[in-house]
Amino acid sequence: MAQETSPRFTIALADVADATDGVLDRLLPDEPGGRLRAAMRYAVLGQGKRLRPFLVTQSAGLFGVDQQQALMVGAALECVHCYSLVHDDLPAMDNDDLRRGQPTTHRKFGEATAILAGDGLLTFAFEILARTEFSEAVQMALVLALAKASGESGMVGGQMLDIEAEATSFPFLTATAAMQSKKTGALFCFACESGAIMAGADDAQLRQYADHIGLAFQIADDILDVESSPEALGKATGKDKSRGKATFVDFLGLDGAKLEAERHAEAAVAALEGYGPEAGLLREAARFVVARQR
Ligand code: GRG
């Protein structure tokens, strides 16, 4: 049974969500009459959980990095994440009408504007990194890590594997896990290791934590797709089955998938061994990804 998270965690996540909205609103102010800007704001300022910026600020906290600068990095990552949602929802991809309880960006603004809004958010992410107050060496390291996590070697490459799997169906659980590690896990990995990068450090423990939390998150997503409703989730459910996608639930069954998600959440917590109370909210985040209802 997934453990509940504490009120402290709920408040901390809500605080980071508010602060991230504030940073994005400031960096991308409303422009009367600007259709592209309106679509970019619509896509990025929705009701997201802001879990990735939360992980960025928590990992930065482990290294004593200035939280305002960490929020900028979290905002950059959220731009990449939201671009991926906009493009993933397009008719050529998942063809979804609902996202975060609202019409998808292409439903609201039309397909061409949605494609450009996604492109705009992706490129803006790197502008944000260049506008941080870190040294040039740290900025370069952040740009490199985010580019690798987002592109062919990360999320976009994982999405391609996922599309290919729809046609051929992956025969192995390990192949599905490898695909998900790129598609969903790479951005989680950036989120968790960015604190070390901002401090000019390296932390293998955080990468291990990220691998497990990314898988726990994706398995929970597969379970929610089966067990939840569009009203609760804010997006269509039952999509994986209708598209013939290889999911963890197919391989493990619902109960098996729940156990596997728990196992990864516990492994993420175990990866933080040696850290003290300063990593408490990261430990809770691992439990949150499997206990969440949306
Ligand atoms: C270039 C046309 C084109 C498409 C690219 C990059 C891409 C399509 C897809 C990326 C893969 C993707 C969207 C994976 C989904 C991962 C996932 C489960 C997202 C939901 O994350 P949450 O629950 O969402 O954190 P919120 O709404 O809380 O931010």
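The values are calculated or read from the model by the stated rules, or taken from the named source; none is laboratory data. Note that the coordinates shown come from a computational prediction; the quantities given were computed from them, not determined experimentally. Note that each Cβ is placed from the backbone with ideal geometry, even for glycine, and that neighbours are counted across all protein chains shown.
Checked against the criterion of being surrounded by 18 or more Cβ atoms within 10 Å (Cβ to Cβ), under 21 Å from Gly274 (Cα atoms) and either more than 18 Å from the chain's Cα centre (by Cα) or within 12 Å of the ligand (Cβ to nearest atom) (or both), the candidates Asp211, Asp203, Asp221 yield just one match: Asp203.
Kindly evaluate Leu90 against the criterion of being within 19 Å of Ala145 (Cβ to Cβ), within 12 Å of the ligand (Cβ to nearest atom), in contact with a helix residue (DSSP H, G or I) (Cβ under 7 Å, 6 or more places away or on another chain) and hydrophobic (A, V, I, L, M, F, W, C). It is false that Leu90 is within 19 Å of Ala145 (Cβ to Cβ), within 12 Å of the ligand (Cβ to nearest atom), in contact with a helix residue (DSSP H, G or I) (Cβ under 7 Å, 6 or more places away or on another chain) and hydrophobic (A, V, I, L, M, F, W, C). Residues in region 1-34 that are at positive phi and at pLDDT 95 or above: none.
Within region 228-243, the set of residues being buried (at least 17 other Cβ atoms within 10 Å of the Cβ) and in a helix (DSSP H, G or I) comprises Leu233, Asp240.
Consider region 14-51 and keep the residues that are free of Cβ contacts under 8 Å to residues at least 40 places away in the same chain and hydrophobic (A, V, I, L, M, F, W, C). The one that is surrounded by the most Cβ atoms within 10 Å (Cβ to Cβ) is Ala17.
The single condition from (1) modelled with pLDDT of 95 or more; (2) of a type outside the set (Gly, Ala, Ser); (3) out of contact with any Asp or Glu (no Cβ under 8 Å at 6 or more places or on another chain) that Arg37 fails is (3).
All conditions but one from (1) under 22 Å from Gln47 (Cα atoms); (2) touching a residue at least 60 places away in the same chain (Cβ under 8 Å); (3) touching a Gly at 6+ places or on another chain (Cβ under 9 Å) apply to Ala236; the one that does not is (3). Across region 107-148, the number of residues qualifying as within 11 Å of the ligand (Cβ to nearest atom), without any contact (Cβ under 8 Å) to a residue 60 or more places away in the chain and touching a Phe, Trp or Tyr at 6+ places or on another chain (Cβ under 7 Å) comes to 1. When you scan region 145-162, do you find a residue that is modelled with pLDDT of 95 or more and over 20 Å from Asp88 (Cβ atoms), even just one? Yes, region 145-162 contains a residue that is modelled with pLDDT of 95 or more and over 20 Å from Asp88 (Cβ atoms).
Close Cβ contacts (under 8 Å, 6 or more residues apart or on different chains) running from residues in region 215-227 that are within 22 Å of Cys192 (Cβ to Cβ) to residues that are among the acidic types (Asp, Glu) and within 12 Å of the ligand (Cβ to nearest atom) comprise Asp222/Asp240.
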